[in-house]
Amino acid sequence: MANFTDLKVWQAAHRFILAVYQITRKFPIDEKYALVQQLRRAAVSVAANIAEGSKRRSLKDKIHFYNISDTSLEEVKYYLILSRDLSYYSMSEYETLIKDAEEVGRMLSGLIGSLRK
């Protein structure tokens, strides 16, 4: 692998982050420094930890950073549920975001599993 951007899981995570940024633009202004910031920070952490893990030399370090990415993804899923319950976006938008998050999660699990073998 020449670059982290070559990883399909990073590409999927990056697309997901772009969708999170797009949807959070619709949130109420009073959420700008609260839920919007938390949601975006957690989403960025997903792809950032994939990028960092990809350059780690040891297998243990790689898996560690990919696990951090996966836990950040779980945090994002909670914020998406909270945002949905606060009616900040439509159910169809929520379903699309969750589907995308779950796809990134499956890809991360596959990557971690393949490294452990």
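Each value in this text was obtained by applying a stated rule to the coordinates, not by laboratory testing. Quantities reported herein were computed from a predicted structural model and do not represent experimental measurements. So basically every Cβ, Gly included, is an ideal-geometry build from the backbone, and we count neighbours across all protein chains shown.
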Item to check | Selection count, the range 77-111, where residues are under 20 Å from GLN11 (Cβ atoms), of a type in the set (Val, Ile, Thr) and surrounded by fewer than 17 Cβ atoms within 10 Å (Cβ to Cβ) | outcome: 2
Next on the checklist: Of the conditions (1) touching a residue at least 12 places away in the same chain (Cβ under 8 Å); (2) surrounded by 12 or more Cβ atoms within 10 Å (Cβ to Cβ), ARG116 satisfies every one except a single condition; which number is it?
Outcome noted: (2)
Item to check | Qualifying positions in the range 62-89 - under 21 Å from THR24 (Cβ atoms) and among the charged types (D, E, K, R) | outcome: GLU74, GLU75, LYS77, ARG84, ASP85
Checklist outcome for this item: When every residue in the range 26-76 that is more than 17 Å from ARG15 (Cβ to Cβ) and of a type in the set (Val, Ile, Thr) is compared, the one surrounded by the fewest Cβ atoms within 10 Å (Cβ to Cβ) is ILE29
Checklist entry - Is one or more of the residues making up the range 106-116 hydrophobic (A, V, I, L, M, F, W, C) and under 13 Å from ILE23 (Cβ atoms)? => result no
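I'd like the full set of residues that are under 12 Å from the mean Cα position of the chain (by Cα) and without any contact (Cβ under 8 Å) to a residue 60 or more places away in the chain, limited to the range 83-113.
ILE98, LYS99, GLU102, GLY105, ARG106
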Checklist entry - Which pairs have Cβ atoms under 9 Å, sit 6 or more apart or on different chains, and link a residue in the range 27-51 that is aromatic (Phe, Trp, Tyr) to one that is part of a helix (DSSP H, G or I)? => result PHE27/LEU35; PHE27/VAL36; PHE27/LEU39; PHE27/SER83
